[in-house]
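A.B. asks: Shown below is the structure under consideration.
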Amino acid sequence: MLPPREVAALSVLGKAVKPTTVDQSFVLCPHCQQHRAQVWGDGRGGRMCRCPDCGPVAVEANDGAALILDEDWLRQKMRLALGIESRDGIDDLGDGVWRLGDARCSPVLLARDLTRVLQEPALLDRVRVAGGGIRVITPRPRETRGSPFGTGVEWLVLEERFTFYGGGIALIGTPSPPPEPAVADPAAPVNGPFSADFRWVTLPDGDGTPIQFTDGQAKVLGALWSFKGEATTADRIMQRAGLGSAKPSDLFKIKAKDKGKLEPTAQHAAYGVLVVTQQRAGLYAMPWAAVALA
């Protein structure tokens, strides 16, 4: 008969355990479940046991029921928890040691006892691969502290690194995969309302939709920005932009073939909002730069 604590664990263990046959000459006392007592016939076709605390206690047929760990189930679920490919077979290395397969090019050993692996280092040499580490899974012994292995061998304590979950086994503390690098938004404002390359602008008083500029327009706007809001002549601006046009506004004029098109219209309107022109003096300034760079 199983103790109440073990009976309560059955719902969690599920298929991890299976019925087994044990020596029926001794059973756990059905009454106190504290002592194992010898079983004998009661002379009437039944069975009795004599518990040191409870005295004679009747033994039912199911009092001798027992369960055992299904090791095949355990090994298969451990492979799944570690992400071992199904095409890799399980190798029995003998005396309670198995090679479960390779997890990310690292051989994985499962052993009933850590001492078995420590006393026979050749087991590690049998599975070692060039350029890869080895994972060894065992229960934790009472006396061991820290990692018993050197560089290149990772020890996973069975009861600390694995748990029953969803009808299977899960690895605790699995490193999360690195997050995918965020794709930078080319239109995101960096220089005031402008993108990093001045190819885009998001007007504060607009609808929030970025406006895209041509390469030449971006060079003009970048040059204006570099003067930090100072009113500057067209010659200096165009020279810094590296363009041959006479004045900044030349690049924002709407050509006859582009009249009525949304993009050229938006570019022209944005220039009017961003750039202050002193026509008589021939000066141009970008007040946004003075505010952002103050």
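The values are calculated or read from the model by the stated rules, or taken from the named source; none is laboratory data. The structure presented is a predicted model; accordingly, all values stated were derived computationally and were not measured. Note: ideal-geometry Cβ built from the backbone for every residue, glycine included; neighbour counts use all protein chains shown.
A.B. asks: Among the listed residues G46, G94, which satisfies the condition of being out of contact with any Phe, Trp or Tyr (no Cβ under 8 Å at 6 or more places or on another chain) and closer than 30 Å to Q24 by Cβ?
C.D. replies: The conditions single out G46.
A.B. asks: Counting only residues that are outside any loop (DSSP other than H, G, I, E, B), aliphatic (A, V, I, L, M) and either out of contact with any Lys or Arg (no Cβ under 6 Å at 6 or more places or on another chain) or at pLDDT 95 or above (or both), how many does region 251-289 have?
C.D. replies: The total comes to 11.
A.B. asks: Could you please find all residues in region 94-123 being more than 24 Å from T163 (Cβ to Cβ) and either of a type in the set (S, T, Y) or crowded, with 18+ Cβ neighbours inside 10 Å (or both)?
C.D. replies: T115, L123 - these are the residues of region 94-123 that are more than 24 Å from T163 (Cβ to Cβ) and either of a type in the set (S, T, Y) or crowded, with 18+ Cβ neighbours inside 10 Å (or both).
A.B. asks: Turning to a different aspect of this structure: Can you name the condition, by its number, that A281 falls short on among (1) under 22 Å from L203 (Cβ atoms); (2) surrounded by fewer than 12 Cβ atoms within 10 Å (Cβ to Cβ)?
C.D. replies: Unmet for A281, out of (1) under 22 Å from L203 (Cβ atoms); (2) surrounded by fewer than 12 Cβ atoms within 10 Å (Cβ to Cβ): (1).
A.B. asks: Further question on the same structure: Let me spell it out: the conditions are (1) in contact with a strand residue (DSSP E or B) (Cβ under 7 Å, 6 or more places away or on another chain); (2) surrounded by 17 or more Cβ atoms within 10 Å (Cβ to Cβ), and F227 meets all of them except one. Which number is the exception?
C.D. replies: Tallying (1) in contact with a strand residue (DSSP E or B) (Cβ under 7 Å, 6 or more places away or on another chain); (2) surrounded by 17 or more Cβ atoms within 10 Å (Cβ to Cβ), F227 fails exactly one: (1).
A.B. asks: Tell me the residue from A285, A246, A231, A218 that is touching a residue at least 12 places away in the same chain (Cβ under 8 Å) and closer than 23 Å to D185 by Cα, please.
C.D. replies: Only one candidate passes the filter, namely A218.
A.B. asks: Can you find even one residue in region 257-267 that is in contact (Cβ under 8 Å) with a residue 12 or more places away in the chain, exposed (fewer than 14 other Cβ atoms within 10 Å of the Cβ) and within 47 Å of the chain's Cα centre (by Cα)?
C.D. replies: yes
A.B. asks: Here's another thing I want to ask about it. Hey, does region 62-75 have a residue that's touching a helix residue (DSSP H, G or I) at 6+ places or on another chain (Cβ under 7 Å), modelled with pLDDT of 85 or more and part of a strand (DSSP E or B)?
C.D. replies: No; the residues of region 62-75 include none that is touching a helix residue (DSSP H, G or I) at 6+ places or on another chain (Cβ under 7 Å), modelled with pLDDT of 85 or more and part of a strand (DSSP E or B).
A.B. asks: Moving on. Looking only at region 129-150, filter to residues that are at pLDDT 85 or above and either more than 19 Å from V97 (Cα to Cα) or basic (K, R) (or both); which one of those is surrounded by the most Cβ atoms within 10 Å (Cβ to Cβ)?
C.D. replies: Only one residue fits best here, namely R135.
Condition check ((1) surrounded by fewer than 15 Cβ atoms within 10 Å (Cβ to Cβ); (2) in contact with a Ser or Thr (Cβ under 7 Å, 6 or more places away or on another chain)) across all residues:
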residue: D185; (1), (2): yes, no
residue: A188; (1), (2): yes, yes
residue: V201; (1), (2): no, no
residue: A223; (1), (2): no, no
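A.B. asks: Here is a further query. Does region 160-168 contain at least one residue that is in a loop (DSSP other than H, G, I, E, B), more than 16 Å from L110 (Cβ to Cβ) and at pLDDT 85 or above? Talk me through it step by step, then tell me what you get.
C.D. replies: Start the filter on region 160-168 by keeping residues that are in a loop (DSSP other than H, G, I, E, B), which leaves 166-167.
After this cut, where a residue has to be more than 16 Å from L110 (Cβ to Cβ) as well, the list is 166-167.
Going one step further and asking which of them are at pLDDT 85 or above, we end up with none.
No: zero hits.
A.B. asks: Filtering region 59-79 down to residues that are out of contact with any strand residue (DSSP E or B) (no Cβ under 6 Å at 6 or more places or on another chain) and of a type in the set (G, A, S), which residue is farthest from G167 (Cα to Cα)?
C.D. replies: Among them, the one singled out is A61.
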